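Participant: The following block contains the structure, expressed as structure tokens.
The values are calculated or read from the model by the stated rules, or taken from the named source; none is laboratory data. These numbers were taken from a predicted model, which means no experiment stands behind them. A quick note on method: Cβ atoms are made from the backbone with ideal geometry, for glycine too, and the neighbour counts reach across all protein chains shown. Side chains are part of the model used for accessible areas, which takes the heavy atoms of the whole protein and leaves out ligands, DNA and RNA. Shrake-Rupley method; radii C 1.70, N 1.55, O 1.52, S 1.80 Å.
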Amino acid sequence: MDAPGDGLDHRIEDENIYPGIQPPAEGEETPEPQPGFHVQPEHYAWFRQVLARTTAAGLTAFAGDGAATAQYLTKRQGQRHFTGLTHSATDSVQDANERLLDIDFVGTDHVFRLNRTRVEAFSGVAKDLFRHLEEGRVEQYRAEVHARRRSWPLLAWDSEWDGPVSVHQDGSVLAMRVLPQA
């Protein structure tokens, strides 16, 4: 799925679209373009790809997978930030698996102090959906997440995790819990 194309699974090319909103002509006079950005019909397919692939990049970054994120971004979007050496002390690394609300998730966790209390936060994506994104299958991810979006347990207390869990309709999760004092 590496070749450029117009499907969501294909990488996008950087476009250099000049900004401006062109008001309709008044008689035979064409008014000056106004500040802003207007996607013209000839760029709809490209813009659809950009939106879908940057959404995928956001999810893979949220789960801590820089390599999966890089495949969805162009150089101008910051692809280089997600390539090369990643050190766990300076970046988010996808290295955690959690079962929350009877759903398997992959992602990353962080431990921090909040008013002297140790707290763990886990962020990730449903494991099966993440595998689609990791392997560049945006269209498959979108089809499956769309079919499940109304069945996610949006916000609940998970007694096994011992904390609140928030599942978004895109398959992402954020869970927090207080850790025992060391």
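Participant: Please state the shape class of the range 97-182: rounded when a/c is under 1.5, otherwise prolate if a/b exceeds b/c and oblate if not, all from the C-alpha gyration tensor. Let's see the in-between values first.
Facilitator: Values: a/c = 2.99, a/b = 1.98, b/c = 1.51.
Here the range 97-182 falls in the prolate category.
Participant: How large is the translational diffusion coefficient of the range 6-62 in µm² per second when you combine the Kirkwood radius over alpha carbon pairs with Stokes-Einstein at 20 °C and 1.002 mPa s?
Facilitator: For the chosen part, D equals 158 µm²/s.
Participant: Percent of Cα-Cα pairs more than 23 Å apart in the chain, please.
Facilitator: 53 percent
Participant: Pull up the DSSP beta bridges for the chain and report the antiparallel fraction as a percent, rounded to 5.
Facilitator: Antiparallel: roughly 95 percent of the beta bridges in the chain.
Participant: Sort 143-149, 41-47, 119-125 by the packing proxy (mean of other Cβ within 10 Å over each peptide's residues), most packed first.
Facilitator: Those peptides, ordered most packed to least, come out 119-125, 143-149, 41-47.
Participant: May I pose another question? Using +1 on the beta carbon of Lys and Arg, -1 on that of Asp and Glu, and nothing else charged, what's the dipole of the chain about the Cα centre, debye to 20?
Facilitator: It works out to roughly 740 debye.
Participant: Between Gln71, Gln49, Gln40, where does the largest GNM mean-square fluctuation fall for the chain, given springs only between Cα atoms within less than 10 Å?
Facilitator: Highest fluctuation of the listed residues: Gln40.
Participant: Given 25 °C and 0.890 mPa s, compute D for the range 116-163 with the Stokes-Einstein relation, Rh being the Kirkwood radius over Cα pairs; round to the nearest whole µm²/s.
Facilitator: 189 µm²/s
Participant: Right, another one. Counting pairs of alpha carbon atoms under 8 Å apart in space and at least six apart in sequence, what relative contact order in percent does the chain give?
Facilitator: It comes to 16 percent, rounded to a whole number.
Participant: While we're looking at this one, here's another question. Would you mind telling me the share, in percent, of accessible area of the chain contributed by carbon and sulfur at probe 1.4 angstrom?
Facilitator: Whole-percent figure for carbon plus sulfur exposure: 52.
Participant: Counting only complete DSSP H runs, which helices of the chain cover 18 Å or more along their long axis at the Cα atoms and score a mean Kyte-Doolittle of 0.0 or above? It would help to have the intermediate numbers written out before the result.
Facilitator: On the way: long enough: 44-62 (27 Å, 0.48).
Helices passing the filter in the chain: 44-62.
Participant: Any idea of the accessible area per residue across the chain, 1.4 Å probe, to the nearest Å²?
Facilitator: 63 Å²
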